[in-house]
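The values are calculated or read from the model by the stated rules, or taken from the named source; none is laboratory data. Just so we're clear, the structure is a prediction, and the values are computed from it rather than from any experiment. Neighbour counts are summed over all protein chains in view; Cβ atoms, including those assigned to glycine, are modelled from backbone coordinates with ideal geometry.
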């Protein structure tokens, strides 16, 4: 954020042909520029602690010390022992040095080049040195922690208390009025003079309608963000629109280098496939839920088909009621999965044949050339780690590898979650462009997934890194505004049912499976049977 603020001020100076903040502020007062630029003070107490805890921060502070003065950015650093703590470049660019009481002469010499500060005896007494002893003065610093007494200078306070001094030299009050003790009110708190000054400035700004300026750095990411707040969609309205590319808003992106926090939107049509990794319990299934809910709210079942492959603990099953969902597959359904593989294989062949008819390379080009629409297909696979335990492992992984290699141009996309990177074969992993990493117990996994970064993912559900130009932090969005996981499941099911009731058009076909037992009532409820009966067949 500091680097971004420096660059922003340099850009504004360049645009207005000035090289000092005073010149820029003159232009602002004359109404020649619209964006205000106040002086900015960076104040660090216990600077040594900051340096040890955040060493990467020092580079920006050094840069600020070198070029910040003309840009209106100033440093105030406080430390108990400056030796080995304050960088040489900060020393050389610091014109003002203040020294209160220090432990020994070496500390005083480090600051003032004299031993004087070691000889101070009174609290608040200090030496001020400007430049190379251009000014060198002993002064008493003000204390702002005293209790604030309103209009103190306008009132004369006389202490009328009478004391007796006993044999031990102690003061005993003789004139204390005890008559009102029973009705006296306890004073809970008295503001300090500092609090009073801050309060006055705040009230003055409100009364005079002085707007707060944009802060150079934004607040930390919240622990919870909601999809509806980032990307509000009314599915009934969205479904009436023409087919469009697949894009999913998945969270709130934090970019301090740009001084911005904005919704993170994945362009699935362009980038093809998505993989999310995390240790158990940190939100990878919820991430898939959010992606699926965002795209199904935007696209009707005519334009989007979804397959749910749940190899984990039922994280995707609350979505099975969506009218976009062709079918759901669990790890125990080997026969269904093999049929699913056959369907995907045939779908790939059919789409490649359609493209070859018009000599085009993508489904988007085919639609423009033919005037026909082909639905997007999303295959969501939760807990890919477990696929090796399934009987259908080899054939399933083979078709998924074909899809991540060729599927994007055919309008077929995968969403995959896994607990570790090596759960995916390297050929599979290397063809997935969008990769996000939530909290991982093994932090070395994070670097291998999104690249090396100084940013650490907090142990917070939904907190994640994604590789853009560099690894960038974001908070994954929750698909509903639920108070707990149970309510989230209920709200997902409720919205899926609402969508199901709303849609009366064609739906994606389920994978045909022979039931173990069938009765006449179940038979008549079958949609294909119902259509056949209505047609008189």
Counting only residues that are surrounded by fewer than 14 Cβ atoms within 10 Å (Cβ to Cβ), in contact (Cβ under 8 Å) with a residue 24 or more places away in the chain and out of contact with any helix residue (DSSP H, G or I) (no Cβ under 8 Å at 6 or more places or on another chain), how many does the range 241-261 have?
1
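Limited to the range 262-277, what total is found for residues that are crowded, with 19+ Cβ neighbours inside 10 Å and outside any loop (DSSP other than H, G, I, E, B)?
From the range 262-277, those crowded, with 19+ Cβ neighbours inside 10 Å are 264, 266, 268, 272-277; that's our starting set.
Remaining after also requiring outside any loop (DSSP other than H, G, I, E, B): 264, 266, 268, 274-277.
Qualifying residue count for the region: 7.
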If I filter the range 147-169 for residues that are within 30 Å of residue 191 (Cα to Cα), more than 52 Å from the chain's Cα centre (by Cα), in a strand (DSSP E or B) and at pLDDT below 85, do I get at least one hit?
yes
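Results for (1) surrounded by fewer than 16 Cβ atoms within 10 Å (Cβ to Cβ); (2) in a loop (DSSP other than H, G, I, E, B), shown as yes or no for each residue.
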| site | (1), (2) |
| --- | --- |
| 445 | no, no |
| 457 | no, yes |
| 461 | no, yes |
| 472 | no, no |
| 477 | no, no |
| 498 | yes, no |
| 512 | yes, yes |
Just need a number here: residues in the range 76-133 that are part of a loop (DSSP other than H, G, I, E, B) and more than 22 Å from residue 41 (Cβ to Cβ).
16
Restricting the search to the range 75-90, which residues are loosely packed, with under 15 Cβ neighbours inside 10 Å and either touching a strand residue (DSSP E or B) at 6+ places or on another chain (Cβ under 9 Å) or within 28 Å of residue 25 (Cβ to Cβ) (or both)?
76, 78, 89
List the number of the failed condition for residue 454; all other conditions in (1) out of contact with any helix residue (DSSP H, G or I) (no Cβ under 9 Å at 6 or more places or on another chain); (2) more than 29 Å from residue 407 (Cβ to Cβ) hold.
(1)
Expected output for the range 391-412 (first residue free of Cβ contacts under 8 Å to residues at least 40 places away in the same chain and assigned by TED's automatic domain parsing to the domain that holds residue 428, partner surrounded by 15 or more Cβ atoms within 10 Å (Cβ to Cβ) and assigned to a helix (DSSP H, G or I), Cβ below 6 Å, 6+ apart or cross-chain) is 393/387; 401/428
Identify the single condition in (1) out of contact with any helix residue (DSSP H, G or I) (no Cβ under 9 Å at 6 or more places or on another chain); (2) in contact (Cβ under 8 Å) with a residue 60 or more places away in the chain; (3) within 15 Å of residue 465 (Cα to Cα) that residue 220 does not satisfy, given that it satisfies every other one.
(2)
Note down all Cβ pairs under 8 Å where the first residue falls in the range 511-537 and is within 23 Å of residue 325 (Cα to Cα) and in the same structural domain as residue 320 (by TED's automatic domain parsing), the second is surrounded by fewer than 10 Cβ atoms within 10 Å (Cβ to Cβ) and at pLDDT 70 or above, and they're at least six residues apart or on different chains.
522/515
